[in-house]
Every structure is written in C-alpha cells, then in structure tokens.
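Accompanying notes for the structure given below.
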Amino acid sequence: MGNSEIKWYSRREESEENPLTLYITELENGILLLITDKGPRIGTIAMGIPNPAVKGRAITSSIPIVFGIRNELFSRAIAERTAHICQKIVIASVFLSDETPELAQRSLKFAVKSIQTYLSRKESDQK
C-alpha cells in the first residue's frame, strides 16, 4: 500500500433486472465500500471494526456504527462481514431502492462474493 493513488474496483451484477453495483477501494488501514442499485450514491453509512479475538466466528465486528435510517440492518451486516473477511476497518455506504429481505440477502451475498473476487485479484497481482 505504498502507492498514494486511490484505485477503485467495481463489479456489477449481470443477470438481475435491477442490478447491484459495488465499488471498493483499499486504504492502508481500511476499506471504503459502496453498494447500490441506482448508480453511485451515498446511502446509509455503517462502520465495521474487525475483532481478531473472534476471527473464526460469525460475529465479526465490535461496536458497529450506523448513520442513516434506510437499509441499516444490511448496511451493518455488509460492513461487519467485510471487516471480518479483510481484517480491516470498513466504512460501507449502502443505497438500495427498497428494504425487502430478498434484496438484503442478495446484496449481502453479492458484496461477499465481490470482496472475495477483489481479494483474489489483488493477491494474484502481487505475485
């Protein structure tokens, strides 16, 4: 992370009628993540802080912080899950057009898969 230039990675769902898009960038000490179904927008902000003591558990973040009233539960879940996967502080912005359980579940699965793809690409680029 010695380079001071910020690079964004983006991934878009291909097969959905209302596709999600994820944008992610990594800083030396954390990750900024945006997930949206309406183009780049700021949505509900959640912060996830990894807790190394529970690294192998599903509970991944200590004292998650959320700003906003829409999508707060899955904003929090995405921030916590990303913090767990990356073991870094995460600030996630989630803007979704509705709060259906289906969209929430889809966004979480899409975020996890996108982050894993991002980390795999980053690892292969470092080799």
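Rule-based calculations on the coordinates, nothing more; no lab input. Here the structure is a predicted model, which is why all the values come from computation and not from measurement. Cβ coordinates were reconstructed from backbone atoms using ideal geometry, including for glycine residues, and neighbour counts include every protein chain displayed.
Just name the residue that is farthest from the chain's Cα centre (by Cα) out of those in segment 114-127 that are free of Cβ contacts under 8 Å to residues at least 40 places away in the same chain and closer than 16 Å to L32 by Cα. Among them, the one singled out is L119.
Screening S97 against (1) touching a residue at least 60 places away in the same chain (Cβ under 8 Å); (2) closer than 15 Å to T25 by Cα leaves a single unmet condition, (2).
For segment 64-91, taking the residues that are of a type in the set (G, A, S) and part of a helix (DSSP H, G or I), the one that is nearest to N29 (Cα to Cα) is identified as A83.
Residue count for segment 86-111 under the criterion of being out of contact with any Ser or Thr (no Cβ under 8 Å at 6 or more places or on another chain) and either among the β-branched types (V, I, T) or loosely packed, with under 11 Cβ neighbours inside 10 Å (or both): the result is 5. Scanning segment 44-53 for residues that are among the hydrophobic types (A, V, I, L, M, F, W, C) and either without any contact (Cβ under 8 Å) to a residue 24 or more places away in the chain or in a strand (DSSP E or B) (or both) turns up I45, A46, M47, A53.
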